[in-house]
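See below for the structure under consideration.
The values are calculated or read from the model by the stated rules, or taken from the named source; none is laboratory data. Source: prediction; values computed, not measured. Note that each Cβ is placed from the backbone with ideal geometry, even for glycine, and that neighbours are counted across all protein chains shown.
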Amino acid sequence: MAKPKFQTPTGMHDILPHNQPYYDKIYETVKKISSFYDFEKIDTPILEDFNLFVRSVGENTDIVEKEMFTLKTKGKDLLALRPEGTAPIMRSYIENGFVSLPQPVRLWYFGPFFRYEKPQAGRFRQFNQLGIEIIGEKDAIVDAQSILVMYSILQEIGLKDLVVKINSIGDEKCRPIYRKDLMKYLREKKNSLCSDCQKRMKTNPLRVLDCKNEKCQQVLVEAPQSVDYLCEECKKHLKDVLEYLDELKIPYCLESKLVRGLDYYTRTVFEIESTREESCGVVLAGGGRYDNLAKVLGGEEVSACGAAAGIERIVSEMKESKVKMPFSSVPEVFFTQIGPLAKKKSLPILEELRKSGFEVGESFGKDGLKAQLGKASRLGVKAVLILGQKEALNDMILIRNMQTSKQVEVSQKDIVKELKQILKEK
Ligand code: HAM
């Protein structure tokens, strides 16, 4: 078959009707769990000031350096398609004066994000995320709660084999000492690092830690670990988070090389991975604490923590682990029509049935009664409405009870009452 002239842009895809139930199930689950934990929904624009991400995510991160979709407006504003949701939400928190609300402010979101990445399995240029942010609380309990909410969402969706990987990257007091020692270590091994890491070493040495290159991985085996450099407060914070996770019996492992690719994190960083053998540790969700972000964006000092998960990756995991999906609803009534006058009168009747709460199927594209009845019986409906030329002229309609095969003629004004009666019969 010849390629169609127009296709979706590279790394972007349609969410086709057969996949919509997965998105609906995820959305409903996030809504339910976040509402229990008192999160309120927020939507921010798809486009934001380009510099919002440079400031927050970081100038020397892959997201800002390589992955931003940017555009200049006619008014010469430099905007970016949002690559992530935390910076826009903090921008909104500051802009809308949420600091004067009772703290913490808990927000959740669900929508499309954009990163100009090399498309590959689980990595798209347009993808969807669900996210939660708890802003205005420095206690370690909200780190644990962010993990709990995200973990529970994934579990409730039907994913079972999950593990939390967690680390602390310290704060502005202890991280510089760690950074210095890591730099020193990397400098000594410079020639064994890949060319990307040789550059990262100067601009963002922590990013070297999550390089997937085999050679770099070997060099990193003996690299200094951030947990060994934590100051007393950061050490206590991590200990508290882990104790909360122990209480919750959430499986976790300390991952000394986990740093995450966004600069705004302080202290806790975490990811939730699938442990299913075939999924090769796909990262479903990631998050962490970001106590400096508000200040970096020009606001007051506000502690915060949150997480986001990739919907496409969740959908793929749901399919591969054969998560049971609810059956789509089938109509209990089917409407058929014969002849031009009946067809003309069909739409108002259908509309009346919709307003009365019936699920009704029809097949307006087929005019023959046999074909229409064939579809009705394939659907397994309980009742069929038949509007022929004669009935249309007399404001009547036939109702066939498909279970008893009995057929009655009723006045069109009595359809709702008669149908209710028939559907009630066993
Ligand atoms: P992130 O780790 O960059 O974190 O993204 C979160 C999740 O989005 C990932 O774990 C992954 O499932 C999904 N994801 C990321 N990039 C892609 C892609 N190109 N294609 C498909 N899925 C993708 C953040 O975005 C932070 N804002 C999370 C956060 C919230 N931290 C604190 N609060």
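From G288, G261, G281, which residue is under 25 Å from the mean Cα position of the chain (by Cα) and buried (at least 20 other Cβ atoms within 10 Å of the Cβ)?
G288
So that you can scan it fast, the table gives a plain yes or no per residue for (1) in a strand (DSSP E or B); (2) surrounded by fewer than 16 Cβ atoms within 10 Å (Cβ to Cβ); (3) in contact (Cβ under 8 Å) with a residue 40 or more places away in the chain:
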site	(1), (2), (3)
A376	no, no, yes
I386	yes, no, yes
L393	no, yes, yes
R400	yes, no, no
Q403	no, yes, no
V410	yes, no, no
V416	no, yes, yes
L419	no, no, yes
I422	no, no, yes
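Exactly one condition in (1) modelled with pLDDT of 95 or more; (2) in contact with a Leu (Cβ under 9 Å, 6 or more places away or on another chain); (3) under 30 Å from I153 (Cα atoms); (4) among the aliphatic types (A, V, I, L, M) is false for I63; which is it?
In the conditions (1) modelled with pLDDT of 95 or more; (2) in contact with a Leu (Cβ under 9 Å, 6 or more places away or on another chain); (3) under 30 Å from I153 (Cα atoms); (4) among the aliphatic types (A, V, I, L, M), I63 misses (1) alone.
Among all residue pairs at least 6 apart or on different chains, which show Cβ distances below 6 Å where the first residue, located in region 277-291, is among the hydroxyl-bearing types (S, T, Y) and the second is surrounded by 18 or more Cβ atoms within 10 Å (Cβ to Cβ)?
Sorted first by the residue in region 277-291, then by its partner, the pairs are Y290/Y264; Y290/Y265; Y290/A304.
For V410, work out the one condition from (1) under 30 Å from Y265 (Cα atoms); (2) more than 45 Å from the chain's Cα centre (by Cα) it doesn't fulfil.
(1)
Does region 300-310 hold any residues that are in contact (Cβ under 8 Å) with a residue 24 or more places away in the chain, more than 6 Å from the ligand (Cβ to nearest atom) and surrounded by fewer than 23 Cβ atoms within 10 Å (Cβ to Cβ), and which are they?
E300, S303 - these are the residues of region 300-310 that are in contact (Cβ under 8 Å) with a residue 24 or more places away in the chain, more than 6 Å from the ligand (Cβ to nearest atom) and surrounded by fewer than 23 Cβ atoms within 10 Å (Cβ to Cβ).
For the structure I just gave you, tell me whether Y178 is in contact with a Ser or Thr (Cβ under 6 Å, 6 or more places away or on another chain) and surrounded by 20 or more Cβ atoms within 10 Å (Cβ to Cβ).
The answer is yes for Y178.
Please find, within region 272-289, the residue that is farthest from the ligand (Cβ to nearest atom) out of those that are outside any strand (DSSP E or B) and in contact with an Asp or Glu (Cβ under 9 Å, 6 or more places away or on another chain).
By that ranking, first place goes to E277.
Hey, can you tell me all the residues within region 55-69 that are out of contact with any strand residue (DSSP E or B) (no Cβ under 6 Å at 6 or more places or on another chain) and buried (at least 18 other Cβ atoms within 10 Å of the Cβ)?
R55, S56, V57, G58, T61, D62, I63, V64, E67
Go through (1) touching a Gly at 6+ places or on another chain (Cβ under 7 Å); (2) within 9 Å of the ligand (Cβ to nearest atom) and name the single condition F334 misses.
Only one criterion is unmet by F334, namely (2).
Give G374, G357, G365, G298 a once-over and let me know the one that is among the small types (G, A, S), within 30 Å of V269 (Cα to Cα) and more than 28 Å from the chain's Cα centre (by Cα).
Every option except G298 fails the conditions.
Output the number of residues of region 297-313 satisfying the condition of being assigned to a helix (DSSP H, G or I) and closer than 20 Å to S146 by Cβ.
2
I want to confirm something. Restricting to region 106-153 and keeping residues that are surrounded by fewer than 22 Cβ atoms within 10 Å (Cβ to Cβ) and more than 13 Å from the ligand (Cβ to nearest atom), which single residue is nearest to K31 (Cα to Cα)?
S152
Filter region 81-105 down to residues that are more than 10 Å from the ligand (Cβ to nearest atom) and of a type in the set (D, E, K, R) and give me whichever is surrounded by the fewest Cβ atoms within 10 Å (Cβ to Cβ).
E95
Suppose we filter S256, S316 for residues that are in a loop (DSSP other than H, G, I, E, B), more than 9 Å from the ligand (Cβ to nearest atom) and at negative phi; which single one remains?
That would be S256, the only listed residue that is in a loop (DSSP other than H, G, I, E, B), more than 9 Å from the ligand (Cβ to nearest atom) and at negative phi.
Condition check ((1) at pLDDT 95 or above; (2) of a type in the set (A, V, I, L, M, F, W, C)) across all residues:
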residue	(1), (2)
G374	no, no
L379	no, yes
L387	yes, yes
L393	yes, yes
L398	yes, yes
N401	no, no
K406	no, no
S411	yes, no
E425	no, no
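Could you please tell me which pairs satisfy a Cβ distance under 6 Å, a separation of 6+ or placement on different chains, a first residue in region 26-40 that is within 15 Å of L154 (Cβ to Cβ), and a second residue that is part of a helix (DSSP H, G or I) and of a type in the set (D, E)?
T29/E156
Among the numbered criteria (1) basic (K, R); (2) in contact with a strand residue (DSSP E or B) (Cβ under 9 Å, 6 or more places away or on another chain); (3) more than 30 Å from D14 (Cβ to Cβ), which single criterion is violated by K72?
That leaves (3) as the condition not met.
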